[in-house]
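The values are calculated or read from the model by the stated rules, or taken from the named source; none is laboratory data. Everything quoted here is computed from the prediction, not taken from an experiment. A quick note on method: Cβ atoms are made from the backbone with ideal geometry, for glycine too, and the neighbour counts reach across all protein chains shown.
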Amino acid sequence: MRRRLPVLLACLAVTAYTASRLLDELPVLTRIALWFVAVAVVWDLVLGPLLALADRGLRPLHQVRLRGVAALNYVRVPAAFSALLLLVWAPLVLERSASTFAGKSGLDPSVYLGRWVGVTAALLLLSAAAYGVALLRAGRAGR
Amino acid sequence: MSPSADLPALLRRTPADPRSWRSPLRGARLTSLLGAVLLVGMTVVLVTGLLSYAAYDPQFGGSNDQTPQAGLLARWIFFDWPTNPAWIYRVNQGTHVLLGIALVPVVLFKLWSVAPRLFAWPPVTGVVHAIERVSILLLVGSTLLLIVTGVMNIQYDYAWGFSFYTGHFYAAWVFIAAFITHVVLKLPTMIRTLRSGPPEHDELAAEEPAEQTISRRGALAAVGGSSLTLLALSLGQSVDPLRATALLSPRGQVRGDGPNDFQINTTFAEIGVDPTETGSSWRLRLVGPGGSAVLDRADLLAMELRTEELPIACVEGWSTSQSWTGVRLRDLAALVDGAEAASVFVQSMQRGGAFSTMTLSDGQLRADRTLLALKVNGVDLSLDHGFPARMIIPGAPGVRNTKWVQTLTFGEPA
């Protein structure tokens, strides 16, 4: 594709200009660049593989079957939802910035761990109910 | 020929070996579907983000401009932020933050869908390919950095060692460049795949797929469901009657049912306002082309008062609408011949924070509904909401509505 090179060079040029705006504040530029690379590396080489590994750890549940319905996805999906909620709201749930949060909002920073646990419990319950429905259906179909 | 055939023996069964990627879900179709969702979704997040930047009216400098080094990157703002409709920033920023959060699982699943490419062997096949890989690093790094800084900022977790505004703004420009590049290079493939199916040799599909444990449709439903779950647990921070449903959101706690029990951005104690200075000794100072004037709270309450239902809409995405009572800003301007001023400089009593002063545009000065508010919902403002007096500007970001106002300086006519 002939237009590839010009487009790529334009991308590099805009990036170079953007970075050059911060040359006067080299420590800031350095920190941003470090975070820039770190988030990509942490996701691609650490967090992503760890989550994939955890998912593989659940794999034996694919063989756990009642009436032929595998239990795997009824554990995997609520677990993934819960992990995602924790990933997004970790600073609140883990109270990483409790005093700033309280000072800024005037709200109670200690409620979020309980809320996350509660939401996780609700997701697991919902999933268990869905599994129950699937079992009933499978039973009816088998009769 | 399978790509794993010419792999060095040393790399067999490492991530560089295509055979080590076994999920039967991966393939051009999945990646194209996720790409289509992100093409639309990220474009909306990007545009609302740029508009939010413009909403601070950075062209006035000072506290308005949190990235004074921006150069050409801010030179596109040729307009003052509008005051009508009053909900414009509320909708803009609610969309930016809520959609940005809801897209997190889509972004992560998209990265998962193309993960084998990251480790593909050989890593580089030529100069153009090398530059393309750099552009992908720019895209992934900027996307993740925007998500991380945005998500941490709304939870007040400032662990980066740089200002949120600086990091989010410059990462956004790298994202703009890399995102457009990626769209230009990949859009034809995406459209072809969605129209006529994956190519005969699908590089993303597993060579030796494992047993299927979830259907592609099931996986997509789970990703969409997780987006909706994130959304459902946050939406209430921007919709007053749903506040209590925002279980996982920084502004999902109901404060009470009193007239001042709505969400606060920064408490007076946090920002360094001395309560003794807000009592009967407080005076509002007006400075304009016609001289200066000093008013106490009783003088202000004796002026013509207006009551307006207007939102407070924070850059962090949460918002609330309240009924404010106060004096029109342009009526105050008239007292010092400042009604034709080109801008207004607002100074707060607050000691700390990056926003103790603000410059308002002439449009904001002359807008019918711009108030120096003294009361809210029929009672005096609470100290946390800016007593003795605060600005309320229709359509503007929350931070523009300076609290604990002390001095208003009306500039020369344009």
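Things worth noting here:
- Listed conditions (1) modelled with pLDDT of 95 or more; (2) closer than 16 Å to B:Trp404 by Cβ are all met by B:Gly272, apart from (1).
- Test: B:Gly288 is surrounded by 19 or more Cβ atoms within 10 Å (Cβ to Cβ), in contact (Cβ under 8 Å) with a residue 60 or more places away in the chain, more than 18 Å from A:Leu107 (Cβ to Cβ) and more than 25 Å from the chain's Cα centre (by Cα): yes
- Within the stretch B:213-240, the set of residues being over 18 Å from B:Lys110 (Cα atoms) and in contact with a Leu (Cβ under 8 Å, 6 or more places away or on another chain) comprises B:Thr213, B:Thr229, B:Leu231, B:Leu233, B:Ser234, B:Leu235, B:Gly236, B:Ser238.
- Residues of the stretch B:331-381 satisfying the condition of being buried (at least 22 other Cβ atoms within 10 Å of the Cβ), in a helix (DSSP H, G or I) and under 30 Å from the mean Cα position of the chain (by Cα): B:Gln364, B:Leu365
- All of (1) in a loop (DSSP other than H, G, I, E, B); (2) out of contact with any Ser or Thr (no Cβ under 7 Å at 6 or more places or on another chain) hold for B:Gln155 with one exception: (2).
- Here A:Gln63 meets the list (1) free of Cβ contacts under 8 Å to residues at least 12 places away in the same chain; (2) under 13 Å from the mean Cα position of the chain (by Cα) almost entirely, failing just condition (2).
- Considering residues of the stretch B:382-407 that are small (Gly, Ala, Ser) and in a loop (DSSP other than H, G, I, E, B) only, the residue surrounded by the most Cβ atoms within 10 Å (Cβ to Cβ): B:Ala396
- Close pairs from the stretch B:180-192: first more than 8 Å from chain A (Cβ to nearest Cβ) and assigned to a helix (DSSP H, G or I), partner exposed (fewer than 15 other Cβ atoms within 10 Å of the Cβ) and of a type in the set (Asp, Glu), Cβ under 9 Å, at least 6 apart: none
One line per residue, one yes/no per condition, for (1) at pLDDT below 95; (2) surrounded by 19 or more Cβ atoms within 10 Å (Cβ to Cβ); (3) in contact with a Pro (Cβ under 8 Å, 6 or more places away or on another chain):
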| site | (1), (2), (3) |
| --- | --- |
| B:Gly150 | no, yes, no |
| B:Tyr156 | no, yes, yes |
| B:Thr166 | no, yes, no |
| B:Ala171 | no, yes, no |
| B:Phe175 | no, yes, no |
| B:Val183 | no, no, no |
| B:Pro188 | no, no, no |
| B:Arg195 | no, no, no |
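Let's see how each residue does on (1) exposed (fewer than 13 other Cβ atoms within 10 Å of the Cβ); (2) β-branched (Val, Ile, Thr):
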| site | (1), (2) |
| --- | --- |
| A:Leu22 | no, no |
| A:Ile32 | no, yes |
| A:Pro49 | no, no |
| A:Gln63 | yes, no |
| A:Val69 | no, yes |
| A:Leu72 | no, no |
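- Only one of B:Glu304, B:Glu308, B:Glu270 that is among the acidic types (Asp, Glu) and within 24 Å of the chain's Cα centre (by Cα): B:Glu270
- Candidate set from the stretch B:238-255 (those that are more than 11 Å from chain A (Cβ to nearest Cβ) and not in a helix (DSSP H, G or I)); member that is surrounded by the most Cβ atoms within 10 Å (Cβ to Cβ): B:Ser238
- Any hit, the stretch B:204-216, residues being out of contact with any Gly (no Cβ under 6 Å at 6 or more places or on another chain), more than 8 Å from every other protein chain (Cβ to nearest Cβ) and among the hydroxyl-bearing types (Ser, Thr, Tyr): yes
- Inter-residue pairs, beta-carbon under 9 Å, first at pLDDT below 95 and in the stretch A:119-136, second of a type in the set (D, E, K, R), 6+ apart: none
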